[in-house]
Amino acid sequence: MNPVDYTPQGPVAVLTLQNPPVNGLGHALRSGIVAGVDRALADPAITAIVITGSDQFFSGGADVREFGTPRSSMSPHLPDVIRALENAGKPVVAAIAGHALGGGLELALGCHFRVALQSATLGLPEVKLGLLPGAGGTQRLPRAIGLEAALNMIVSGAPQKAAAFEGTGLLDQVVDGDVVAAAVAFAQKAAADKTPLKRLRDVKLPTAGADAFLQFARTSVKAAAKGLPAPLACVEAVADSVTQPFDEGLRRERAAFFALMNTPESRAARHVFAAERAAGKLPDIPADTPLRPIRTVGVVGAGTMGGGITMNFLNVGTPVVLLETSQEALDRGLATIRRNYETSAKRGKLTAEQVEQRMGLITPTLSYDSFQDVDLVIEAVFEQMDVKEKVFTQLDAVCKPGAILASNTSYLDINKIAGFTRRPQDVLGLHFFSPANVMKLLEIVRGAQTAKDVMATALALGKQIRKVSVVSGVCDGFIGNRMVARYGAAANALIVAGASPQQIDQALEKFGFAMGPFRMGDLAGLDIGWATRKRKAAEAGVPHDPTVADKLCELGRFGQKTGAGWYRYEPGVRNALPDPVVDQVVAEYRSAKGVTPRKISDEEIVQRCVFAMVNEAARILDEGIAVRASDVDLVYLNGYGFPAHRGGPMCYANEVGLFNVVRTLRGFAAEPGAFDWWAPAPLLRKLAEEGQSFA
Ligand code: NAD
């Protein structure tokens, strides 16, 4: 397919961008536009030019597939293309349907006139990738819609509907129906009437009041940006549109764009963007694998997780059969779901009618017979293998052939669970995170025998219920909980060595974690980990050696739910308050172990906690449990509150340099009595030796 179709409609040349799926402005498209414009200018029969895209995308901006390849830096660059449009001696009109985003909108801003469909969306979302619009957007948009509106749009990165720009210099016409026909008519008339060509570069912005507004913008954006460089750089670039001549503004914008490209924050944001596109692609499962239809879902257990999981499906209109062991448990579960929806209704997010619609999609039941027709069952009962066995034996007996049987287990062996059925190919893990109706992450756990179409169906389902899905192999805790176990062990060891829960939480929160490990532990409940550690000791046939957390559990301190854990809590308040009882338990523990506490720096706290996870993740990758390092990052960003601007633990390790990570780990491993897991994982060592990063 020709990247730019050239079709004359009477005296108007219509240039249609054809680079699916989003009309990314790759090299072929950039060259094609310039060639089309030159052809139209050279043809005396052509009096005007219309540039348009597809129904869905005028253009989504840069072509991400070209990133990091030589083509991305090949002439013509986008600013060259825009200059060619702007300098054209015949009217150039953009006909915008669908999305005009980033470079796509900048391209349109280079045209003399713009006609858009009412439903089209326009935006400059570069700030979300830690960047600013680098092809004139910060200079032309203020000249089109005014300083304040442009600044808001560029700093927020939020796209807006075309209808919002009716009557501004951004859109000359907002239409319903055939946008190309409207643009052709507009172009023809502009040529016939000899309408002066409008070049945004020629607009002079009023300076009155600009200084005061920009000062206010700098202060408020600085406060909201939390140290991220891009939002403030956006403000400065937009300020140049008033204070600098146009060409100088362009030059400074381009320089700021390249400076931002080199910040760790932008590298992290672009890494996450690419990670989200790569996740869910499995090397051995073709994209066109036929899917099993999922029209109705069964959920076993209406507790904390079962209720949240159910809501995911109700939210997208899928009916759910919800099973419990007693009417009382069922009523409790239903009441919780209703309460959650009613809270959303009170906040104006749902209407009362929508609440009833969603509740109406639930079929409550106490009998497995109700599962005869469901296409997928997700089990969310107690975390005990014997209970899982009972459930899966019954599911196997009643569910129709081809129904997918999933477990929400956090740690247990999916292969063993699959073995309770006569259809292990239909069994997998669907590991949601709490609260399941809120958290974005879904770990899709692939059993040894899980069929390919079951995996493909689960991945499609994850998209449908708007989760970030990451595939994990079977191991204790899968990707996330297996790594968090090391993170927790490192944090606990720091307590024994001399740090306090407050110091550790604060150091990690300063690093950017939403919540430190001890506040998080108190929120989740310390009893779960206690039970797991006792179970693991029993399975390994060794006596259970209680940790400090276990000592707290022995005192009935399970966290917020019992009013005390690593901290104490006043009734009805979630503030974590330091507790002398904890200091006492810790001091006794240290003296029983013969430890003299030492002073520990915040930097060491971050290194130990984060590198412990990175090291475990390297083993997870080596074992093939995770498909790619960026999948690990998505798990941590979406399920465990890892700071978004650091791009996840693996991206952070790359920034630090794997050589430095290995060197630090070696230091920890060499300490007397060190855990054996501090030894750098073979994959980490290999990459560091070869001077490489996690891909
Ligand atoms: P929960 O105790 O809140 O709920 C379990 C529910 O299952 C209860 O309502 C119970 O009545 C019901 N139940 C027990 N046996 C049953 C049976 N045989 N048939 C039908 N219903 C039965 O537990 P939860 O926190 O929702 O955890 C459920 C599962 O989800 C566990 O495997 C857990 O490891 C996993 N999980 C929990 C979390 C979390 O943060 N709570 C996160 C991810 C995964």
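The values are calculated or read from the model by the stated rules, or taken from the named source; none is laboratory data. Everything numeric here is computed off the predicted structure, so don't read it as measured data. Cβ coordinates were reconstructed from backbone atoms using ideal geometry, including for glycine residues, and neighbour counts include every protein chain displayed.
Okay, here's what the table says:
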item	result
Selection count, the stretch 393-434, where residues are among the hydroxyl-bearing types (S, T, Y), within 14 Å of the ligand (Cβ to nearest atom) and at pLDDT 95 or above	3
Helices (runs of 4 or more DSSP H) (entirely within the stretch 435-550) containing at least 1 residues that are in contact with a helix residue (DSSP H, G or I) (Cβ under 7 Å, 6 or more places away or on another chain) and within 15 Å of the ligand (Cβ to nearest atom)	478-497, 517-524, 526-540
Among residues of the stretch 662-695, those that are buried (at least 19 other Cβ atoms within 10 Å of the Cβ) and either closer than 23 Å to V496 by Cβ or among the hydroxyl-bearing types (S, T, Y) (or both), counted	4
Residue list for the stretch 629-661, filter: crowded, with 23+ Cβ neighbours inside 10 Å, in a helix (DSSP H, G or I) and among the hydrophobic types (A, V, I, L, M, F, W, C)	A629, V632, L634, V635, L637, M650, C651, A653, L658, V661
Hits in the stretch 332-356 (condition: within 11 Å of the ligand (Cβ to nearest atom) and of a type outside the set (S, T, Y))	R332, G333
Candidates G89, G134, filtered to the one that is surrounded by fewer than 16 Cβ atoms within 10 Å (Cβ to Cβ), outside any helix (DSSP H, G or I) and either out of contact with any strand residue (DSSP E or B) (no Cβ under 8 Å at 6 or more places or on another chain) or not assigned by TED's automatic domain parsing to the domain that holds V203 (or both)	G89
Selected residue [farther than 16 Å from N19 by Cβ and either of a type in the set (V, I, T) or in contact (Cβ under 8 Å) with a residue 60 or more places away in the chain (or both)] from L85, L109	L109
Output for the stretch 369-391, where each listed residue is closer than 22 Å to G462 by Cα and near the ligand (Cβ under 10 Å from one of its atoms)	I378, E379, A380, V381
Test: residue in the stretch 230-237 that is in contact (Cβ under 8 Å) with a residue 12 or more places away in the chain, out of contact with any Lys or Arg (no Cβ under 9 Å at 6 or more places or on another chain) and either crowded, with 18+ Cβ neighbours inside 10 Å or not in a helix (DSSP H, G or I) (or both)	yes
Selection within the stretch 284-296 - within 26 Å of the chain's Cα centre (by Cα) and either over 29 Å from V627 (Cα atoms) or surrounded by 16 or more Cβ atoms within 10 Å (Cβ to Cβ) (or both)	I285, T289, I294
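Okay, residues lined up against (1) under 24 Å from E616 (Cβ atoms); (2) under 17 Å from the mean Cα position of the chain (by Cα); (3) surrounded by 17 or more Cβ atoms within 10 Å (Cβ to Cβ); (4) without any contact (Cβ under 8 Å) to a residue 40 or more places away in the chain:
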{"residue": "G402", "(1), (2), (3), (4)": "no, no, no, no"}
{"residue": "T409", "(1), (2), (3), (4)": "yes, no, yes, yes"}
{"residue": "K416", "(1), (2), (3), (4)": "yes, no, no, yes"}
{"residue": "L459", "(1), (2), (3), (4)": "no, yes, yes, no"}
{"residue": "M483", "(1), (2), (3), (4)": "yes, no, yes, no"}
{"residue": "P501", "(1), (2), (3), (4)": "yes, no, yes, no"}
{"residue": "A507", "(1), (2), (3), (4)": "yes, no, yes, no"}
